[in-house]
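Okay, structure first, notes after.
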Amino acid sequence: MPTIETVLGPIDDAALGFTLSHEHVLVAMGEDNHHYPWLFDWERTRANTVRELSEAKAGGVDTIIDLTTPDLGRDVEFVRDVASDSGVNIVAATGIWRDVPRSFWERGIDRIADIFVREIETGIGETGIKAGVIKVANDAEGVTPQAERVLRGAARALKRTGCPISTHQWAPTIVGARQVEIFVDEGAPTDRICIGHSADTTDVAYLESLLETGVYLSMDRYPGAEGRPDWRERNATVKALVDRGWAHRLMLGHDYAPAPISARHRGDVAATEPTRYLFLSTVALPALRDDGVNAETIDLMMREVPRRFLTGG
Ligand SMILES: [Zn+2]
């Protein structure tokens, strides 16, 4: 049986279950959580995160792929604790998001790969928690020279370890196409790569051109945001791809993270807000069913495709 690395150690792939493709558990841009921990109320942050994850678990979410990198304030010990308290399997990421650290600007590409490989094979810091996925990110700025080094390092780490890559792209300007070009140039296997935030566009021809290279797509960022496709448009794009025979390459998610609670926050946070980890389960997936995507296809996208992506099997 293939195993999958989670923050609580390896699990049998049969235990993966219903899986969200692109989420976060704790995000602090610029690592404020590490450097200015006194800005946050950790007791309430932890309690609220456990509440939301427990709600997700009770609502049928078994596993979350947490694509939080060091430049997003990654804290795998926090994640391990809330995974343990909630019962949700959480896969942690190595890699780098959009804020490529200065130290990476000059570092050799193989030395970048060494860092990712260390986090995949030995663990993150001294925690022993192994990364199960490599995250990279390019937004509206395109693939900058610094970010290209990270992409090439990720491709080499994938080739050395078999650990899959999951990206953040800015889909409206087809940034994912450039990501694929670089991965292919490095000789990385496209069937171990997922191009993320792909539901930020409704351009089915573009998405199909990506799929034709052999990659997976993460159709995430449900329920959408101001100026981007709303959840119904995201569903329509997913359905168009399903109708064209691509369900076996699609995964779904929210790109959601419960916000860390500020130390200055007054009032009760942990009481009412229903978690957004359940938007797909409670709203978008039932609507997809009503639109004629059958239960078997939804299971394929929510269970079997993430399993294949994470294990390569
Ligand atoms: Zn994200």
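The values are calculated or read from the model by the stated rules, or taken from the named source; none is laboratory data. The model shown is predicted, which means the values in this text are computed figures rather than measured ones. Neighbour counts are summed over all protein chains in view; Cβ atoms, including those assigned to glycine, are modelled from backbone coordinates with ideal geometry. With ligands, DNA and RNA removed, areas are computed over all heavy atoms of the protein, side chains included. Shrake-Rupley method; radii C 1.70, N 1.55, O 1.52, S 1.80 Å.
Per-structure values
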quantity	calculated
A140 aliphatic (A, V, I, L, M), open to solvent by less than 50 Å² (accessible area, probe 1.4 Å) and either within 16 Å of the ligand (Cβ to nearest atom) or modelled with pLDDT of 95 or more (or both)	no
Meets criteria (in a strand (DSSP E or B) and either at pLDDT 95 or above or open to solvent by 10 Å² or more (accessible area, probe 1.4 Å) (or both)) for I134	yes
Condition check for V269: modelled with pLDDT under 95 and open to solvent by less than 70 Å² (accessible area, probe 1.4 Å)	yes
Test: residue in region 180-191 that is touching an Asp or Glu at 6+ places or on another chain (Cβ under 8 Å) and either at pLDDT 95 or above or open to solvent by 30 Å² or more (accessible area, probe 1.4 Å) (or both)	yes
Residue ID - nearest to R308 (Cα to Cα), chosen from residues in region 202-234 that are of a type in the set (S, T, Y) and either more than 16 Å from the ligand (Cβ to nearest atom) or not in a loop (DSSP other than H, G, I, E, B) (or both)	Y216
Candidate set from region 170-193 (those that are touching a helix residue (DSSP H, G or I) at 6+ places or on another chain (Cβ under 9 Å) and more than 25 Å from R111 (Cβ to Cβ)); member that is farthest from the ligand (Cβ to nearest atom)	D191
Test result for R46, assigned to a helix (DSSP H, G or I), without any contact (Cβ under 8 Å) to a residue 40 or more places away in the chain and either within 16 Å of the ligand (Cβ to nearest atom) or farther than 27 Å from R307 by Cβ (or both)	yes
Region 212-251, subset more than 19 Å from the chain's Cα centre (by Cα) and of a type in the set (D, E), residue most open to solvent (accessible area, probe 1.4 Å)	E226
Residue, surrounded by the most Cβ atoms within 10 Å (Cβ to Cβ), within region 39-53, restricted to residues that are out of contact with any helix residue (DSSP H, G or I) (no Cβ under 8 Å at 6 or more places or on another chain) and closer than 11 Å to I261 by Cα	T45
Looking only at region 81-93, and only at residues there that are of a type outside the set (S, T, N, Q) and surrounded by fewer than 21 Cβ atoms within 10 Å (Cβ to Cβ), the one that is farthest from P260 (Cα to Cα)	G87
Residues (within 16 Å of the ligand (Cβ to nearest atom), more than 17 Å from A263 (Cα to Cα), modelled with pLDDT of 95 or more and of a type outside the set (D, E, K, R)) located in region 1-38	T19, L20, S21, H22, H24, V25
Given (1) open to solvent by 60 Å² or more (accessible area, probe 1.4 Å); (2) of a type outside the set (A, V, I, L, M); (3) over 16 Å from the mean Cα position of the chain (by Cα); (4) under 27 Å from G95 (Cβ atoms), number of the condition S209 does not satisfy	(1)
Verdict on D114 being over 20 Å from the mean Cα position of the chain (by Cα) and within 22 Å of R244 (Cβ to Cβ)	no
Flag for L53 being touching a His at 6+ places or on another chain (Cβ under 7 Å) and either more than 24 Å from E126 (Cβ to Cβ) or outside any loop (DSSP other than H, G, I, E, B) (or both)	no
Contacts under 6 angstrom Cβ, first residue in region 143-163 being over 15 Å from R192 (Cα atoms), partner of a type in the set (D, E, K, R) and part of a helix (DSSP H, G or I), 6 or more apart	V143/R178
Filter result for T94 (within 22 Å of D255 (Cβ to Cβ), within 13 Å of the ligand (Cβ to nearest atom) and of a type outside the set (A, V, I, L, M, F, W, C))	no
